[in-house]
Structures are given as structure tokens and as C-alpha cells.
Amino acid sequence: MPPFSKWIAHSSLAVLVALYVVGAASHSHGSLRHEVQTLPLWFPIVWGFQRRDLAKWSALPCFIVWLAIMIGIWLFLLGWSRVLKGHYNPVEIAMTLIVGAACLCGIGASLRWRTAVRPAAAYAVAALFAVLQVLALRLSLIRYIATR
């Protein structure tokens, strides 16, 4: 079995590519929005392929945020919630499944991987990347970015 760092790198890359596909297939907004949203994922991709322990702590909050978004979309599509409203074409719906599966794989690998990172540093990196992911999502809603 490949090392956990590679699982995290591949899972992060799968999320990134699926969201780029959504940007390319979407008629309501451009791809720049999705490029901005996925900027924090580049760190766990690079660090994961370099087998650095920080890949786990940078990826975990990103996976959690993206999985929460996908769950919100699925609940909307099932008619159970109206938190994340929108119009989703078949490609976008398929990509939500890929993003959700990649996040679950990444979370699973993260939870099983024991790193040598000290707890204070691990929590700091995780908190930083949670903030970065939320900030990236917020920045992607700026009109200039959202329409390009």
C-alpha cells in the first residue's frame, strides 16, 4: 500500500481536478472561481508527494470543508435542505460525488497516519488551513472572481 502521504496527495489532487472540471462545465460562473477556491489544496498536494508530515495537517481541514459543502449540495438535490441552493448540471453532480469520495479517502488516510509533528504545530497548521480554505471560498464570491 502506498504511504499515507501519497493517499493525501492523490485525494487532494482529485478534489482539485474535479473542481476545475466543475468550473469548465459550469454555465453560471467561470473557472477562476474554482481556481481560487482550490488554492489551499496545492500545499497538501506538493507536501504529500514530498512525503512531508505537514501534508496531513494541511489537507485535513480542507477535506472537511469540501465534504461539508458536498453534503450540503447533496441534501439540496434530495430536497432535504435549502442551505446550498443552485442549479446543478449532470457534470457538476458527478463531480460532487468524486469530490466527496476523494475527501472521504483523504480523511481516512489522515486519521490513520501517525506523524512526528508536535501537537501544537499540528493544530496551528490545521487551524491555518481551515482559515485559508474558508478565506479562499469567501474570496471566490467576489463579483470579479466569480464571473471569470
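Computed quantities for the displayed model
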{"quantity": "Residue check for LEU97: under 15 Å from the mean Cα position of the chain (by Cα) and either surrounded by fewer than 14 Cβ atoms within 10 Å (Cβ to Cβ) or not in a helix (DSSP H, G or I) (or both)", "calculated": "yes"}
{"quantity": "Helices (runs of 4 or more DSSP H) completely within segment 1-77 that count 3 or more residues being in contact with a Gly (Cβ under 8 Å, 6 or more places away or on another chain) and modelled with pLDDT of 95 or more", "calculated": "4-25, 54-77"}
{"quantity": "Test: ALA55 is of a type in the set (A, V, I, L, M) and crowded, with 18+ Cβ neighbours inside 10 Å", "calculated": "yes"}
{"quantity": "Within segment 84-95, considering residues that are in contact with a helix residue (DSSP H, G or I) (Cβ under 6 Å, 6 or more places away or on another chain) and touching a residue at least 40 places away in the same chain (Cβ under 8 Å), the one nearest to LEU13 (Cα to Cα)", "calculated": "MET95"}
{"quantity": "Of the criteria (1) outside any helix (DSSP H, G or I); (2) closer than 30 Å to ARG143 by Cα; (3) of a type in the set (Ser, Thr, Tyr), which one THR115 fails", "calculated": "(2)"}
{"quantity": "Given (1) touching a Ser or Thr at 6+ places or on another chain (Cβ under 8 Å); (2) among the aliphatic types (A, V, I, L, M); (3) not in a helix (DSSP H, G or I), number of the condition VAL83 does not satisfy", "calculated": "(1)"}
{"quantity": "Set ARG138, ARG82, ARG148, ARG114: member being charged (D, E, K, R), within 19 Å of the chain's Cα centre (by Cα) and surrounded by fewer than 17 Cβ atoms within 10 Å (Cβ to Cβ)", "calculated": "ARG138"}
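Residue by residue, here is whether (1) over 23 Å from PRO3 (Cβ atoms); (2) in contact (Cβ under 8 Å) with a residue 24 or more places away in the chain holds:
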| residue | (1), (2) |
| --- | --- |
| TRP74 | yes, yes |
| LEU77 | yes, no |
| SER110 | no, yes |
| PHE129 | no, yes |
| GLN133 | yes, yes |
| ALA136 | yes, yes |
| ILE145 | yes, yes |
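The values are calculated or read from the model by the stated rules, or taken from the named source; none is laboratory data. Keep in mind that this is a model prediction, so the values were computed, not measured. All Cβ positions, glycine included, derive from the backbone under ideal geometry; neighbour counts span all protein chains shown.
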